[in-house]
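The values are calculated or read from the model by the stated rules, or taken from the named source; none is laboratory data. None of these values were measured; they are calculated from a predicted model. Using ideal geometry, Cβ is built from the backbone for each residue, glycine included, and neighbour counts are taken over all protein chains shown. Accessible surface is based on the protein model in full, side chains and every heavy atom, while ligands, DNA and RNA are left aside. Shrake-Rupley method; radii C 1.70, N 1.55, O 1.52, S 1.80 Å.
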Amino acid sequence: MKSPVLLLAGLLAVSTLTAQRAVPSGGEWLIEPGDSAGEVRLTLRISDRYRSDNWNSENDAPLSELVGLSAAEMGGSGATVRFKIVRPAGTLTCEGWFDAGRGSGHFTYAANADFVTALSRRGINAPSAWQQFSMTMTGVGLDLVDELKRQGYDRPTAEELTRMGTHGADLEYVREIGSRGYHLKDPEALVRMRDHGVDPEFIASLDSAGYKNLDAEDLVRLRDHGVDGDYIAEMKEVGYTPSDPDELVDSRDHGVDASYIRSLKEAGYDNLSLAELRRARDHGVTKGFIRRVADRGYGKPSLDEVIRLRDRGLD
C-alpha cells in the first residue's frame with residue numbers, strides 16, 4: 001500500500017476561503033528511483049515565505065505520468081531535461097536535470113479545462129481554482145469518481161474530492177478498502193479512516209480475528225485505542241477472544257494485556273473475566289502484591305479480598 005505524505009499549511013480552511021485562495025504558478029520537483037518497476041518517487045514542493053500556502057507531497061508515481069522524459073535522460077549526468085507531469089486535473093511543465101536516476105528542478109502549473117467538463121457530466125460541481133490545483137498535485141482523477149460510484153458511495157462534491165486527495169484517500173485506498181468488504185457510502189468516512197491509520201492491513205488483521213463488517217467509527221476506535229492484530233493475537237493466545245471488540249478496547253485502555261494476564265495466572269489467579277482483570281489492574285493488583293499477601297499469611301484469598309487489601313494499603 002503506497003502511503004503518500006502530504007503536508008499543506010492551512011489546507012483545511014472553509015470552502016469560501018479556499019475559493020479565494022490564489023493558485024501558485026509553479027514550484028519544485030524532485031524525482032528519485034522508486035521501489036517498484038515502472039515507478040519513481042516523486043516529491044512536489046511549493047514554498048512562499050510571504051504566504052501560508054506551503055506544500056510538500058511525496059508519493060509513488062508511474063513513469064507514464066512523466067511525458068517526454070526518457071530513461072536515457074533520467075540516467076544522464078547534468079544535461080537539462082524538459083518534460084510534463086500530466087494528470088487529469090492539470091499539467092505540470094517541468095525543467096531541470098538528472099544525475100544517475102535522481103533529478104530536480106522547477107515546474108509551472110496549468111489547469112485542464114476538460115477535467116471540469118468531465119466532472120460536470122458526472123453531476124459534480126465545478127471545483128474552485130485552488131481545488132483543481134490541489135487535485136492536480138494529489139493525482140485525483142475521474143477514475144476515483146467512477147470507482148466511488150461503482151461501490152455505491154454518495155456522489156462526492158469537488159470539496160470532498162479535494163479532501164480525499166490531500167488526505168491520501170486515493171483510488172488505490174478506495175479499491176483496497178472495498179476489496180475488504182467496506183463500502184461506506186459517505187466519502188468523508190474514507191477520509192476519517194485514512195487520517196486515523198485504518199489501512200487494508202489493519203482491516204485484514206481484524207478479519208482474521210473474526211471481527212468483520214464493522215462500521216467506520218468502530219474501525220477508527222479500535223485503531224485509536226491500539227487494538228490491532230498483534231494485541232488481538234496476544235489476547236487470543238492467553239484465552240480471550242470476546243465477541244464484542246469493545247471488550248478489547250476497554251481492556252487495552254485499562255492496561256490489561258497478555259503479559260499482565262500471564263502474571264496473574266502465575267500467581268494462581270486464572271480464568272478471570274476481562275471485567276475482573278480490568279478491575280484488578282485499576283486497583284494496582286500485581287503478581288508481586290499477591291505474593292506479599294501470601295507471605296503475610298493470608299493464603300489465597302479471592303480476587304475481591306486481594307483488592308480490598310490493596311485498597312487498605314497492605315504493603
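So here's what we get for this one:
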item: Residue within the range 136-145 that is of a type in the set (Ser, Thr, Tyr) and surrounded by 17 or more Cβ atoms within 10 Å (Cβ to Cβ) present; result: yes
item: Residue within the range 61-68 that is buried (at least 21 other Cβ atoms within 10 Å of the Cβ), out of contact with any Phe, Trp or Tyr (no Cβ under 7 Å at 6 or more places or on another chain), closer than 20 Å to Gly168 by Cα and not hydrophobic (A, V, I, L, M, F, W, C) present; result: no
item: Residue identified as assigned to a helix (DSSP H, G or I), within 23 Å of Gly239 (Cα to Cα) and open to solvent by 50 Å² or more (accessible area, probe 1.4 Å) among Arg262, Arg310; result: Arg262
item: Filter result for the condition that a residue is among the charged types (D, E, K, R), outside any loop (DSSP other than H, G, I, E, B) and closer than 21 Å to Asp186 by Cα, over Lys149, Lys84; result: Lys149
item: Selection status of Tyr173, open to solvent by less than 20 Å² (accessible area, probe 1.4 Å), under 15 Å from the mean Cα position of the chain (by Cα) and on the phi < 0 side of the Ramachandran plot; result: yes
item: Selection count, the range 192-206, where residues are open to solvent by 30 Å² or more (accessible area, probe 1.4 Å) and either touching a Leu at 6+ places or on another chain (Cβ under 9 Å) or in a helix (DSSP H, G or I) (or both); result: 5
item: Filtered residues of the range 228-250 (kept if assigned to a loop (DSSP other than H, G, I, E, B) and open to solvent by less than 50 Å² (accessible area, probe 1.4 Å)); result: Asp228, Val238, Tyr240, Pro242
item: Test: residue in the range 11-25 that is in contact with a strand residue (DSSP E or B) (Cβ under 9 Å, 6 or more places away or on another chain), β-branched (Val, Ile, Thr) and either modelled with pLDDT under 70 or outside any loop (DSSP other than H, G, I, E, B) (or both); result: no
item: Selection status of Gly178, within 28 Å of Thr91 (Cβ to Cβ) and assigned to a helix (DSSP H, G or I); result: no
item: Whichever residue in the range 52-81 is assigned to a loop (DSSP other than H, G, I, E, B) and under 28 Å from the mean Cα position of the chain (by Cα) and, among such residues, is modelled with the highest pLDDT; result: Asn54
item: Given (1) among the β-branched types (Val, Ile, Thr); (2) more than 22 Å from Val116 (Cα to Cα); (3) in contact (Cβ under 8 Å) with a residue 40 or more places away in the chain, index of the condition Thr136 fails; result: (2)
item: Yes/no for Glu217 being among the acidic types (Asp, Glu), open to solvent by 60 Å² or more (accessible area, probe 1.4 Å) and touching a residue at least 12 places away in the same chain (Cβ under 8 Å); result: no
item: Count - residues of the range 264-307 that are among the basic types (Lys, Arg) and over 19 Å from His254 (Cα atoms); result: 4
item: Test: residue in the range 284-291 that is out of contact with any helix residue (DSSP H, G or I) (no Cβ under 9 Å at 6 or more places or on another chain) and under 22 Å from Phe202 (Cα atoms); result: no
item: Residue satisfying condition, being buried (at least 22 other Cβ atoms within 10 Å of the Cβ) and either modelled with pLDDT of 95 or more or at negative phi (or both), within set Tyr109, Tyr182, Tyr211, Tyr153; result: Tyr182
